[in-house]
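Colleague: Quick one: structure below, then a few questions.
The values are calculated or read from the model by the stated rules, or taken from the named source; none is laboratory data. For clarity, every value in this text was computed on a predicted model and none was experimentally measured. Heads up, the Cβs are rebuilt from the backbone with ideal geometry, glycines too, and the neighbour counts pull from every protein chain shown.
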Amino acid sequence: MQIHNGLLSTELHWRPWIAHYRRRFTVLTWDYRGHGASPRPRDPEATSIARHADDGHAVLASSGLSRPAIVCGLSMGVQTALEHYRRHPDDVRALVLLCGTYGHPLRRISRAQVVRRATVAAVRASARAGRLVKALLWPLINTPLGREAAFLSGGAHRTECPRSVLDELYAHVGSLDVDVMTSAVAAYLDHTAEDVLDTIRVPTLIVAGGADQLTPASIAEEMHRRIEGSELHVVEGHAHLAQVERPDEVHAVVDRFLARMNGAAAGAATG
């Protein structure tokens, strides 16, 4: 089982998942370039979604684990997992897509290409003043004000998201190189794997937070319609970190999906 992290994150949001699934699977994790324990790339543009997908393929290929694998993605990791399937389909036995989108996250604000292109250009340009902006604004982010922004944006549930999760996320983002951070955000905003959806021919489970404003459940419903034979589960009342805030519910849904998948495979083998 391989997992793809969210935007500007590490395995932080996967810890309940790792603790649950390592009893039955080898759970393969790695940090994107310039994130966590991975060194800063010589070229910050190496933080593209396609490069993440290729890195995931390389990590899986060098791990010694058998392929294909169950490939899982959270938030931006959904885009990375879909790109992994596009570029290396033989790696993927099944997809588990959690609280994310297939791409172009700004579409829920505007579908105009000019808006997306202008926003991506502005993000890339912000790297020039990024160090000053970070020095001035970052002390405000890692405070109750920053946590309030996460709650109001639907990024986290006010009472059920552990405070330590947001604190550690902000600490990690604060440690990132500005060029890496802006390049990663721009790549996230500019990427789409929409054309991949209709080509997927492996078992796929989609999980969404019913109160997620960052990647609304309507996006999950669209992916469900477009991916043949896919399954959808909505965690009602929860936001973008549903798998952290309601791990028992999410794990139970995934467990049932994997059991059905394995049962179907066993039936096909004996049929």
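Colleague: Consider A61 against the criteria (1) loosely packed, with under 14 Cβ neighbours inside 10 Å; (2) closer than 30 Å to A252 by Cβ; (3) modelled with pLDDT of 95 or more; (4) not basic (K, R): it satisfies all of them except one. Which criterion is unmet?
Modeller: (2)
Colleague: Output the residue which, of all residues in the range 38-59 that are in a loop (DSSP other than H, G, I, E, B) and without any contact (Cβ under 8 Å) to a residue 12 or more places away in the chain, is farthest from the chain's Cα centre (by Cα).
Modeller: This residue is R42.
Colleague: Would you mind telling me which numbered condition in (1) in a helix (DSSP H, G or I); (2) at pLDDT below 95; (3) touching a strand residue (DSSP E or B) at 6+ places or on another chain (Cβ under 8 Å) A239 fails?
Modeller: That leaves (1) as the condition not met.
Colleague: Any chance the range 78-90 includes a residue that's among the aliphatic types (A, V, I, L, M), in a strand (DSSP E or B), modelled with pLDDT of 95 or more and in contact with a Ser or Thr (Cβ under 9 Å, 6 or more places away or on another chain)?
Modeller: no
Colleague: Step by step: first the residues of the range 69-123, then only those that are basic (K, R) and within 17 Å of L214 (Cα to Cα), then the one that is surrounded by the fewest Cβ atoms within 10 Å (Cβ to Cβ). Which residue is that? So that I can check it myself, show each step before the final result.
Modeller: Step one: of the range 69-123, the residues basic (K, R) are 86-87, 93, 107-108, 111, 116-117.
Cutting the leftovers down to within 17 Å of L214 (Cα to Cα) gives us 107-108, 111, 116.
Numbers: R107: 16, R108: 14, R111: 10, R116: 19.
Once the filter is applied, the top-ranked residue is R111.
Colleague: Give all pairs with beta carbons closer than 9 Å in which a residue from the range 146-175 that is modelled with pLDDT under 85 meets a residue that is surrounded by fewer than 18 Cβ atoms within 10 Å (Cβ to Cβ) and among the acidic types (D, E); count only pairs at least 6 apart in sequence or on separate chains.
Modeller: Listed pairs, sorted by first residue: R147/D167.
Colleague: A further question on this structure: Is there any pair linking a residue in the range 194-215 that is over 17 Å from R107 (Cα atoms) and touching a residue at least 12 places away in the same chain (Cβ under 8 Å) to one that is in a helix (DSSP H, G or I) and of a type in the set (F, W, Y), with Cβ under 6 Å and at least six apart or on different chains, and which?
Modeller: Note: pairs meeting the criteria are L205/F257.
Colleague: Are there any pairs, at least 6 apart or on different chains, whose C-beta atoms fall under 9 Å, with the first in the range 244-271 and among the acidic types (D, E) and the second surrounded by fewer than 13 Cβ atoms within 10 Å (Cβ to Cβ) and modelled with pLDDT of 95 or more, and if so, which?
Modeller: none
Colleague: Also, I was wondering about something else. For residues that are out of contact with any Gly (no Cβ under 6 Å at 6 or more places or on another chain) and surrounded by fewer than 20 Cβ atoms within 10 Å (Cβ to Cβ), scanning just the range 211-223, find the one that is nearest to S126 (Cα to Cα).
Modeller: Top of the filtered list is P216.
Colleague: Inside the range 15-30, can you point out the residues that are in contact with a Leu (Cβ under 7 Å, 6 or more places away or on another chain) and either assigned to a loop (DSSP other than H, G, I, E, B) or in contact (Cβ under 8 Å) with a residue 60 or more places away in the chain (or both)? Give the derivation first.
Modeller: Here is the first cut: in the range 15-30, the residues in contact with a Leu (Cβ under 7 Å, 6 or more places away or on another chain) are 26, 28.
The one that is in contact with a Leu (Cβ under 7 Å, 6 or more places away or on another chain) and either assigned to a loop (DSSP other than H, G, I, E, B) or in contact (Cβ under 8 Å) with a residue 60 or more places away in the chain (or both): T26.
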